[in-house]
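Any read-out appearing in this document is the output of simple, stated calculations on the displayed coordinates, not a laboratory observation. Just so it is clear, the model here is predicted, and its values are computed rather than measured. Positions of Cβ are generated from backbone atoms using ideal geometry, with glycine treated the same way; all protein chains shown enter the neighbour counts.
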Amino acid sequence: QQQVKQSPQSLIVQKGGISIINCAYENTAFDYFPWYQQFPGKGPALLIAIRPDVSEKKEGRFTISFNKSAKQFSLHIMDSQPGDSATYFCAVGYGNKLVFGAGTILRVKS
Amino acid sequence: GAVVSQHPSRVICKSGTSVKIECRSLDFQATTMFWYRQFPKQSLMLMATSNEGSKATYEQGVEKDKFLINHASLTLSTLTVTSAHPEDSSFYICSARRQGAFGELFFGEGSRLTVL
């Protein structure tokens with residue numbers, strides 16, 4: 001049973017556009033919601049994370065929107081650049097555990 | 001940001017041999033480290049949680065005798081793939097949680113294992 005569902009599987013965005021990736025979870029015990037960026041052949045790097053006591057967090061061009069009642073959170077990449085092309089993973093965390101979504105392959109066309 | 005180093009980054013071995021992968025937290029102490037496995041174009045699957053000074057906790061379906069984990073110090077965890085077979089070929093990634101920190105994990109660069 002998937003603990004976190006991520007969509008879409010892949011996404012193509014024009015340079016300068018907004019990339020939006022969504023995740024949904026079931027277990028309300030999760031209390032940590034990070035997004036990771038991974039380039040081919042590299043380990044994931046933490047992009048931005050949020051806790052359930054806030055509904056939005058912004059860091060530069062990256063924003064997390066969190067809807068606790070709907071058990072959903074999303075990543076928005078503003079002014080998307082070709083260098084943002086990578087695989088993005090959402091994750092849900094509780095205690096020591098971190099469970100990853102299936103990933104979204106983002107391609108930003110120049 | 002915190003740095004986690006993995007070594008080797010790539011390793012090729014013959015079937016039946018054992019391979020050791022090291023994970024080090026370079027600028028912080030990590031009481032807990034995690035080992036993940038990632039197949040091409042797939043997500044990261046948690047294999048085990050490595051606790052300094054105690055036995056690792058393995059996820060369901062992961063053979064603990066196959067994947068030996070040792071967390072000998074606050075900055076080093078090792079994963080040994082014993083009697084490796086071609087189906088063990090994968091990308092292995094470790095991560096570490098800074099001692100006292102809540103939630104945030106720092107990942108290594110990963111180790112690509114190819115078993116011939």
Exercise for review: Take every residue in peptide B:39-49, count the Cβ atoms of other chains within 10 Å of its Cβ, and give the average of those counts.
Suggested key: 4
Check your understanding: For the stretch B:1-44, what Kirkwood radius comes out of the mean inverse Cα-Cα distance, in Å?
Key -> 12.9 Å
Exercise for review: Kindly point out, ordered by number, any Cys in the protein assembly as shown whose beta-carbon has no other cysteine beta-carbon under 4.7 Å away.
Suggested key: B:Cys13
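What is the protein assembly as shown by shape, rounded, prolate or oblate, if you read a ≥ b ≥ c off the alpha carbon gyration tensor as root eigenvalues and call it rounded for a/c under 1.5, prolate for a/b larger than b/c, and oblate otherwise?
Note, shape of the protein assembly as shown comes out prolate.
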Point to revise | Cα-derived Rg over Rh, computed across chain B with Rh taken as Kirkwood radius | key: 0.95
Check your understanding: With r defined as the distance between the Cβ atoms of B:Arg10 and B:Thr82 and R0 fixed at 22 Å, what FRET efficiency is calculated, to the nearest 0.05?
Key -> 0.70
Practice item. Springs between alpha-carbon atoms under 10 Å, Gaussian network over chain B: tell me which of B:Glu59, B:Glu22, B:Glu87 tops the mean-square fluctuations. Key: B:Glu87
Check your understanding: Roughly how many Å is it from the Cα centre of the stretch A:9-23 to that of the stretch A:67-110, as a whole number?
Key -> 10 Å
Check your understanding: Is there a simple number for the mean count of other chain Cβ atoms within 10 Å of the Cβ of residues in A:37-47, and what is it?
Key -> 5
Review point. Mind checking Rg over Rh on chain A, alpha carbons, Kirkwood formula for Rh?
Key: 0.95
**Study point:** Order of B:Thr82, B:Thr17, A:Thr104 under a 10 Å beta carbon neighbour criterion, fewest first
**Key:** B:Thr17, B:Thr82, A:Thr104
Check your understanding: Of all DSSP beta bridges in chain A, what percent run antiparallel (nearest 5)?
Key -> 90 percent
